[in-house]
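Below you'll find the structure, written out as C-alpha cells, and then a few comments.
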Amino acid sequence: LRAVATLTAAAAIVAGCRNLKATNALTTPWNFRYAEPWQVLNAVTYLLNFAAVRVPGRLDGRQWSQDAATQQRYFAPAGWAFAIWAPIFAGELLFVIYQALPLARVRTSWWLAELSPYFSGAMLLQTLWCGAFRPWARAAGLNLQWIPALLLGLGAAALGGAHGILVQALEDSELSPLSYALAFVPLALHFGWLTAAALVNANGFVAAAAPRSHAVKASAAIASIYLAVLVGAAVTFARRDPIYAAVIAWALAAIADEAAWGKLRGQVDETVLQIQRLTAKGGSRAMLAVAAAPLAAQALRVGGALLRR
C-alpha cells in the first residue's frame, strides 16, 4: 500500500509541476501582495524537504554502511562523499531566503519564476524519497528499493530542468555574482549529487535482487560508472557548466576510495575490486578534465578578446 501511495504521489507531483509550467500559474497575479506564488511554493516545499530529511529511520547512514558490507555492494561511495550535503543544504537555504526577498529585482526575475516548478518538484520528490528509503521497501521478502532509485532519478531530472534555466539566465547575463553564488552553485551541486545518488540507490536494488551474483553486481557497478561519465560529459558540454562534472568526479572518487570497497576484501575476487577501483578512478579523472574544459574555453575567449583590443 505504501508503495502504491508513494508512486501515486510521485506521478501527481510530476503532473502538477508540468501543469504549473505549461499554464504559467505561478506568475498569475494573486491577492497576497508580499510575495509571488512561486516564492511561496519554493519556500514551502524546501521546508517540507528539510523536515523530512530530519526524520530518522532511513536506510542510509550507519544502516547503509552495514548493508554495503553484508549485501556486498560494489557501487557504494566512501562516507566522506556525503559531506557534499553540507554545502547543498546551506546553499539552498540561502537560495530560498534570497528568492523570497520582497525586492523588485527579485520578484521580477523571470528565471526565478521559471525554475520554480522544477525546484519545488525536486524538493517534493526528495521528500517522498525520505519516506520510501526505509525498511518497508525491503520487508516481507519484497525488494522495492527501485522506488527510492526512481524518486532520486526524477528529482535529478527536475533539478536538471532548473539547471537548464539557470544556464540560460547566465548566458543572457541575467545572473549577478550574488545570484550565481546563491542560486546557480547550490542547485548545480544538488543536480550532480542526485544523479550520482540515483545510481547508488539503483545499485542497492541490484544488490538486494541478486545478493549472491557477484557478476551481476560488478557489471551493474561498472555500467553505472560509464553511465555517470557519459551523462556528466553530455550535460557539461551541452551547458558549459563545470560544477556538474566536478560533482560526478567527486562521487566517482568516493567509489574508487578503498574506504568504500575495502570491506569486500576476502569476500570478493581482488581482481574484480581493482577493476572497479581503476574504472572509477579513471572516470573521476575524466570528469575533472571535462569540468576544466568550460573554464579553459572561457579563458581562451577572454584572452582572445584582450588581444584584439
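No lab work stands behind these numbers, since they all come straight from the coordinates. Here the structure is a predicted model, which is why all the values come from computation and not from measurement.
Across the chain, C-alpha contacts under 8 Å between residues 6 or more apart give a mean separation that, scaled by the residue count, equals a relative contact order of 21 percent. Close amide-amide hydrogen proximity is noted between L144 and R138, each under 5 Å apart and 5 or more residues distant or on a separate chain (H modeled in the peptide plane; Pro and chain starts excluded). Two decimals is fine: what is log10 I(q)/I(0) at q = 0.13, 0.24 Å⁻¹ for region 122-180, from a Debye sum with one equal scatterer on every Cα and no solvent? For region 122-180, the Cα-only Debye profile gives -0.49, -0.88. Of all lysines in the structure, the ones whose alpha carbon falls short of 26 Å from that of K217, not counting any fewer than 8 places away in one chain, are K263, K281. Compute the separation of the alpha-carbon centres of region 218-275 and region 126-147 and state it in Å as a whole number. About 24 Å separates the Cα centre of region 218-275 from the one of region 126-147.
Tell me, what are the semi-axes, in whole angstrom and largest first, of the equivalent ellipsoid of region 205-309 as set by the roots of 5 times the Cα gyration tensor eigenvalues?
On the way: eigenvalues 270, 34, 15 Å².
Semi-axes from the Cα gyration tensor: 37, 13, 9 Å.
Per residue, the convex hull around the alpha carbon atoms of region 190-243 comes to 58 Å³.
Of the options (1) 20.5; (2) 19.9; (3) 21.3, only one is Kirkwood radius over Cα pairs in Å as computed from these coordinates, and that is (1).
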